[in-house]
Structures are given as structure tokens and as C-alpha cells.
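To keep things clear, I will list the structure first and then write my remarks on it.
The values are calculated or read from the model by the stated rules, or taken from the named source; none is laboratory data. Because the structure is predicted, anything quoted here is derived from the model rather than measured. No Cβ is skipped: glycine too gets one built from the backbone with ideal geometry, and neighbour counts run over all protein chains shown.
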Amino acid sequence: MRPRLGEVLHFSEDPAITRFVPHVAATAQQPEAYVWAVDADRASDYWFPRQCPRAMAWVRPGTTGADRDRIVGAGCGERVHAIEFGWLDAMRTTRVYAYRFAAEPFRPFGDGDAPHAHVAEEPIVPLGPPEPVGNLLDCHAAAGIQLRVLDNLWPFWDQVIASTLGFSGIRLRNAKPRP
């Protein structure tokens, strides 16, 4: 599930939203109110239950072969996502929906050349009804993204953030405590 050309997506477990109003997210690090969405490059970051902690890493220009082989795995693609065992049942059973928006009212949000999101500062009406994302495990498999199920995310996360890979961690506050 990725946006089409000229679109961005918002993922939700709620299939009944008809209008998105800018708000300050509970986890926001900025005071501005936004409607949040993602482009095709970051859509896979949201093929998870909303509260599921996840650590994600991907090959980018400048990634060393040693880091790629050590973290992603030799011959294992370009991207790896990790969750904890305690979230596996939710990955199998949670229904996630994608809302399609026209990209025009949104602007990139995040660091430099690789924004992690797109934001709008006005109410947004989806282009149509939400679309079921489908089986979240199958989404990862179809996209060639490794999905690792770990006892604890922190050892993996610590290796990722010290590497030359691109990375993102979402809802890490919901992960088990560090060992």
C-alpha cells in the first residue's frame, strides 16, 4: 500500500474518518498543529498497529558494506524492520486503513533531503473512502522488507543508530525496557 503519483497517505486503525483537522499530536516535538501524511518512501513505516514499537533500517548512499551485511544481512535486500514478539499477534490481527490525500496542500517535514513526513496546516478531506491495507506481514513480504521479531528492540536499535544505515524508530516508548 503506497500512494499514487501526486498523493500522500495517512494510516489509521479508524475506518470512519471523513475529515482530518490539524492537531498537535500527543508525541509532537513541535507546537504547531498539522495533518500528517507520508509519501511512498515512508509508507512502509506505518504497516504496523499504531502503538506497535518498531525499529527500521535501510541502505542509503554512504552505507558501508560492513554495516549492510551486519544489520540488514548479506543478500537480504535493502531494508529491515523489527518488532518485539509481544506485538506479533497484533501484527497478524490489527486492521489498518490507508487514507489517500492529494499531495498539493502538504509540505515535506523533517531533516533536509529525506523528510520523514508531510504536513498540512488546513483541514483535509480524503480523496475517497479508506482502503484496507491488508495483512501487515504480507505487505512487508510483498515489498521485500525483512520483518524481524525480537525479544527486545534495544540491542538492535543501538546497533542501527551507530551504523551508516538510514533509520527510524516509532513508538519506541512502548518497547520493553532495555535488558
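Hey, could you check the range 144-172 for residues that are farther than 22 Å from GLY110 by Cα and hydrophobic (A, V, I, L, M, F, W, C) and say which is surrounded by the fewest Cβ atoms within 10 Å (Cβ to Cβ)?
VAL149
The rows are residues; the columns are (1) in contact with a Lys or Arg (Cβ under 7 Å, 6 or more places away or on another chain); (2) modelled with pLDDT of 95 or more; (3) aromatic (Phe, Trp, Tyr); (4) within 20 Å of ALA90 (Cβ to Cβ).
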{"residue": "PRO108", "(1), (2), (3), (4)": "no, no, no, no"}
{"residue": "GLY112", "(1), (2), (3), (4)": "no, no, no, no"}
{"residue": "GLU122", "(1), (2), (3), (4)": "no, yes, no, no"}
{"residue": "HIS140", "(1), (2), (3), (4)": "no, yes, no, yes"}
{"residue": "LEU147", "(1), (2), (3), (4)": "no, yes, no, yes"}
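For the range 93-116, which positions are within 17 Å of the chain's Cα centre (by Cα) and surrounded by fewer than 18 Cβ atoms within 10 Å (Cβ to Cβ)?
If the condition is that a residue be within 17 Å of the chain's Cα centre (by Cα) and surrounded by fewer than 18 Cβ atoms within 10 Å (Cβ to Cβ), then THR94, ARG95, PRO108, PHE109, GLY110, ASP111, ALA114, PRO115, HIS116 are the ones that fit.
Would you check which residues across the range 53-92 are charged (D, E, K, R), closer than 20 Å to GLY144 by Cβ and surrounded by 15 or more Cβ atoms within 10 Å (Cβ to Cβ) and list them?
Scanning the range 53-92 gives ARG54, ASP67, ARG68, GLU78, ARG79.
With the requirement that a residue be more than 17 Å from the chain's Cα centre (by Cα), free of Cβ contacts under 8 Å to residues at least 60 places away in the same chain and in a loop (DSSP other than H, G, I, E, B), what does the range 15-25 give you? Let's see the steps before the verdict.
The initial filter retains those residues of the range 15-25 that are more than 17 Å from the chain's Cα centre (by Cα), namely 15-24.
Going one step further and asking which of them are free of Cβ contacts under 8 Å to residues at least 60 places away in the same chain, we end up with 16, 23-24.
Scanning the range 15-25 gives ALA16, VAL24.
Just give me the residues in the range 110-139 being under 29 Å from TYR34 (Cα atoms) and in contact with a helix residue (DSSP H, G or I) (Cβ under 7 Å, 6 or more places away or on another chain), in sequence order.
Answer for the range 110-139, where residues must be under 29 Å from TYR34 (Cα atoms) and in contact with a helix residue (DSSP H, G or I) (Cβ under 7 Å, 6 or more places away or on another chain): VAL133, LEU136.
Mind listing whichever residues of the range 1-52 are of a type in the set (A, V, I, L, M, F, W, C) and surrounded by fewer than 12 Cβ atoms within 10 Å (Cβ to Cβ)?
Result: LEU5, ALA16, VAL21, VAL24, ALA25, ALA26.
Could you please let me know if THR64 is more than 17 Å from the chain's Cα centre (by Cα), at pLDDT 95 or above and within 21 Å of ALA114 (Cβ to Cβ)?
Working: more than 17 Å from the chain's Cα centre (by Cα): yes; at pLDDT 95 or above: yes; within 21 Å of ALA114 (Cβ to Cβ): yes.
Answer is yes for this residue.
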